[in-house]
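Each remark here refers to the structure printed beneath this line.
The values are calculated or read from the model by the stated rules, or taken from the named source; none is laboratory data. All figures in this text were calculated on a predicted structure; none of them were measured in a lab. Don't worry about glycine lacking a Cβ; one is built from the backbone with ideal geometry, like all the others, and counts go over all protein chains shown. SASA here: full protein model, heavy atoms, side chains in, ligands and nucleic acids out. Shrake-Rupley method; radii C 1.70, N 1.55, O 1.52, S 1.80 Å.
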Number of protein chains: 2
Amino acid sequence: MGEFELLARLRERLPPPGPQVRLGSGDDASIVVPPGATATSVDALLDGVHFRRGSASLAQIGGKALATALSDLAGMGAEPGEAYVALGVPADLDEPGCLELIDGLAALAAETGTTLAGGDLTRAPALSLTVTAVGHAASAGELVTRAGASAGDLLAVTGELGGAAAGLLLLERDSQARSAFRPHGDSNDYRADDLADLGSTEQELIARQLEPRPQLAAGRALAAAGATAMIDISDGLGGDARHLAAASGVRLQIDASALPLAAGVAEVAGAFGRDPLALAIGGGEDYELLATLPRERFEAARAALDGQGGPGLTAIGDSLAGEGVEIRLPGGEILEPAGFDQLA
Amino acid sequence: MGEFELLARLRERLPPPGPQVRLGSGDDASIVVPPGATATSVDALLDGVHFRRGSASLAQIGGKALATALSDLAGMGAEPGEAYVALGVPADLDEPGCLELIDGLAALAAETGTTLAGGDLTRAPALSLTVTAVGHAASAGELVTRAGASAGDLLAVTGELGGAAAGLLLLERDSQARSAFRPHGDSNDYRADDLADLGSTEQELIARQLEPRPQLAAGRALAAAGATAMIDISDGLGGDARHLAAASGVRLQIDASALPLAAGVAEVAGAFGRDPLALAIGGGEDYELLATLPRERFEAARAALDGQGGPGLTAIGDSLAGEGVEIRLPGGEILEPAGFDQLA
């Protein structure tokens, strides 16, 4: 099957385009009429760097590539609009594999109201997915950058932390166990039934690693509630807090005892001899949002998120004059986020 | 040097953003306020698939990646707006190499008025550049798709054909000669002085292969002049004509004797035992535009392109009722474009 034929098969599987899309995939370019301002982000995921084909299904890999790009739109408070997917296909990925990958992408696109409006397909030495996501807002002023925090603002985070990192620990253990049982590598592919003997909490943690969901509705609600700065924390709370602090020119003080750990993180951390705070602060891939808000706006923002039935909103610290990030441990000790590399 | 530090160094080298860009590289996403409709295209270029690091400088590779994406915007008649670049960096590409690559990209961005508004940087097994280009138009109706040709329209092409394919033949010969002279591979890198003994016509042909320029002004002029359908012919005149014919539901008849061959193509084809028409029709990478126009609009369109001092416009055939593409050879024989694979 040639490139053009496969592209036609892939296009058949895409959800219908949104109203702003005048021409989708298949021409030199898509045509879109944005309602106001656009927010655009690009993310590349590569086999061996960002995921391992042995530890995730192709549908999960496709979904995670789109989730990663959409999470950046969530961090701006944008409505999801269009996504463009460049697929690098290695020799050992066959046509059904490509279709499974696109099905995973298309499922999250449909769930989030994102139009897959174009792409590119090429041979590659390893599987790669580069996703450009375009979001919309009525005006540029409705979008929230990293740069607007003021001293005196409250620092808040959506959802729960550490789950993706705990899930990764479980996956790596599982992968080693599988290698031991299948020494001749007759199947290194991920199988759902490999996880069947795990408890539901552990399965939930693994899903946080393999099937992240971008916090799009929460991002829009936070923007509408008056968030002054916002960032998605897929690189880890500590590092992304540092980015926000630098862009805004403030010092962020995080109260470690206030951090909302996902259920099971403490247990998994204990079992692997890790500090649960290190998973929450340094682990990354939680795809939650970190935002600053004027103190008086926090309760309304929390109520808005609760009203959506989405992730909760937790106050975890303060924005102060100064620079950098400090983390106050329960015992009173103060650490820089980089200190969690030593704890981990 | 870490990813964030390198990104900061790369950002320093970018040309200033266009007026529609409210926030460029460095946040979760760019913020742009498009003046009307957007045209968006993504193209991935990989070492070993679309180029070879031994045969082109890193600056040329960077420029060509952007040119490839911008050429799709030219094919829509769009104004160039923003580009987003995902770079896959192999272990043997050092920091000066990354900067040279970006300098090549930034030079073409400055030349075309394109803002490099974001990107991603990741380790990769082979050098890869995935460029998403966003163009603008006052309204969706100003953009020209592949689908609007009518029976009775004239078929026209910008510039000259076959030059990139002839340049590739010269490069491949040169590369083999260099391998013979440097059997221990002490330098497989491209050196400008390797080409110094070539004539100016041959150097021009090689530049068409290594340093293509997207026909952005010509595309906008053709759109303004009433082009009914348009496509960039980077995949080759024959194949791209087939795409336009299929999208429009017409039959395209191309007069081979009317095709504007680039200077030197006939000579290079002769020296390599190839048919010059095969290079012009099947060779690809010419980054010219193929358009259909109402017959009475052709002269005005040609005058508009001449007035720009850009590429010429040549009538090369007709749009007829029916489907597919036929090529009338000087002797009266009629071929399908695929027939040129045999001639080549």
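Kindly indicate whether B:THR130 is more than 8 Å from chain A (Cβ to nearest Cβ), under 17 Å from the mean Cα position of the chain (by Cα) and not hydrophobic (A, V, I, L, M, F, W, C). First the steps, then the outcome.
Numbers: more than 8 Å from chain A (Cβ to nearest Cβ): no; under 17 Å from the mean Cα position of the chain (by Cα): yes; not hydrophobic (A, V, I, L, M, F, W, C): yes.
Against the criterion (more than 8 Å from chain A (Cβ to nearest Cβ), under 17 Å from the mean Cα position of the chain (by Cα) and not hydrophobic (A, V, I, L, M, F, W, C)), B:THR130 does not qualify.
Please indicate, with yes or no, whether at least one residue in the range A:47-57 is at pLDDT 90 or above, at positive phi and either outside any helix (DSSP H, G or I) or open to solvent by less than 40 Å² (accessible area, probe 1.4 Å) (or both).
Checked the range A:47-57: at least one residue is at pLDDT 90 or above, at positive phi and either outside any helix (DSSP H, G or I) or open to solvent by less than 40 Å² (accessible area, probe 1.4 Å) (or both).
Among (1) open to solvent by less than 10 Å² (accessible area, probe 1.4 Å); (2) more than 14 Å from every other protein chain (Cβ to nearest Cβ); (3) touching a Pro at 6+ places or on another chain (Cβ under 9 Å), where does B:ALA37 come up short?
(2)
Tell me, which residue of the range A:130-152 that is closer than 17 Å to A:GLY317 by Cα and touching a Leu at 6+ places or on another chain (Cβ under 6 Å) is least open to solvent (accessible area, probe 1.4 Å)?
Step by step, filter the range A:130-152, then rank; the result is A:ARG146.
Given the condition closer than 22 Å to B:THR68 by Cα and touching a residue at least 24 places away in the same chain (Cβ under 8 Å), answer yes or no: does some residue in the range B:313-324 qualify?
yes
Looking at the range A:44-63, can you tell me whether even one residue there is charged (D, E, K, R) and within 25 Å of B:ALA117 (Cα to Cα)? Full working, then the answer.
Let us first name the residues in the range A:44-63 that are charged (D, E, K, R), namely A:47, A:52-53.
With the extra rule that they be within 25 Å of B:ALA117 (Cα to Cα), the set shrinks to none.
Checked against the condition, which is being charged (D, E, K, R) and within 25 Å of B:ALA117 (Cα to Cα), the range A:44-63 yields no hits at all.
For residues that are free of Cβ contacts under 8 Å to residues at least 60 places away in the same chain and not in a strand (DSSP E or B), scanning just the range B:27-46, find the one that is nearest to A:SER71 (Cα to Cα).
Here the residue is B:ASP28.
Answer with yes or no whether A:ALA78 is closer than 24 Å to A:VAL144 by Cβ, more than 9 Å from chain B (Cβ to nearest Cβ), crowded, with 24+ Cβ neighbours inside 10 Å and in contact (Cβ under 8 Å) with a residue 12 or more places away in the chain. Working first, answer last.
Numbers: closer than 24 Å to A:VAL144 by Cβ: yes; more than 9 Å from chain B (Cβ to nearest Cβ): no; crowded, with 24+ Cβ neighbours inside 10 Å: yes; in contact (Cβ under 8 Å) with a residue 12 or more places away in the chain: yes.
So A:ALA78 does not fit the description; no.
Just to verify a result, which residue in the range B:66-75, among those that are facing chain A (nearest Cβ under 10 Å) and open to solvent by less than 10 Å² (accessible area, probe 1.4 Å), is nearest to B:THR228 (Cα to Cα)?
B:GLY75
Please go through the range B:307-343 and give me each residue that is in a helix (DSSP H, G or I) and either among the aliphatic types (A, V, I, L, M) or modelled with pLDDT of 95 or more (or both), ordered by number.
Of everything in the range B:307-343, just one residue is in a helix (DSSP H, G or I) and either among the aliphatic types (A, V, I, L, M) or modelled with pLDDT of 95 or more (or both), namely B:LEU343.
Mind checking which residues of the range B:112-129 are under 24 Å from A:THR38 (Cα atoms), in contact with a Pro (Cβ under 9 Å, 6 or more places away or on another chain) and open to solvent by 10 Å² or more (accessible area, probe 1.4 Å)? Reasoning before the result, please.
Restricting attention to the range B:112-129, the residues satisfying the condition of being under 24 Å from A:THR38 (Cα atoms) are B:112-121, B:129.
Narrowing further to those that are in contact with a Pro (Cβ under 9 Å, 6 or more places away or on another chain): B:112-117.
Scanning the range B:112-129 gives B:THR112, B:GLY113, B:LEU116.
Would you check if A:ARG22 is outside any strand (DSSP E or B) and open to solvent by 20 Å² or more (accessible area, probe 1.4 Å)?
No.
Residue-by-condition table, conditions (1) within 30 Å of B:ARG173 (Cα to Cα); (2) within 14 Å of another protein chain (Cβ to nearest Cβ); (3) out of contact with any Gly (no Cβ under 7 Å at 6 or more places or on another chain):
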site: B:ARG13; (1), (2), (3): no, no, yes
site: B:PRO17; (1), (2), (3): no, yes, no
site: B:GLY26; (1), (2), (3): no, yes, yes
site: B:ILE31; (1), (2), (3): no, yes, yes
site: B:LYS64; (1), (2), (3): yes, no, yes
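Just a yes or no: is a residue in the range A:288-301 at pLDDT below 95 and surrounded by 19 or more Cβ atoms within 10 Å (Cβ to Cβ)?
Step one: of the range A:288-301, the residues at pLDDT below 95 are none.
Checked the range A:288-301: no residue is at pLDDT below 95 and surrounded by 19 or more Cβ atoms within 10 Å (Cβ to Cβ).
Taking the range A:106-126, which residues are within 22 Å of A:GLU5 (Cα to Cα) and within 14 Å of chain B (Cβ to nearest Cβ)?
Within the range A:106-126, A:THR115, A:LEU116, A:ALA117, A:GLY118, A:GLY119, A:ASP120, A:LEU121, A:THR122, A:ARG123, A:ALA124, A:PRO125, A:ALA126 qualify.
Can you report the number of residues in the range B:230-253 which are of a type in the set (A, V, I, L, M) and surrounded by fewer than 23 Cβ atoms within 10 Å (Cβ to Cβ)?
Matching residues across the range B:230-253 total 2.
Filter the range B:195-214 down to the residues that are of a type outside the set (A, V, I, L, M) and farther than 18 Å from B:ALA263 by Cβ, then identify the one that is most open to solvent (accessible area, probe 1.4 Å).
Among those that are of a type outside the set (A, V, I, L, M) and farther than 18 Å from B:ALA263 by Cβ, it is B:ASP197.
Can you say whether B:LEU87 is open to solvent by less than 10 Å² (accessible area, probe 1.4 Å), aliphatic (A, V, I, L, M) and in contact with a Cys (Cβ under 9 Å, 6 or more places away or on another chain), as far as the supplied structure shows?
When the stated conditions are applied, B:LEU87 passes them.
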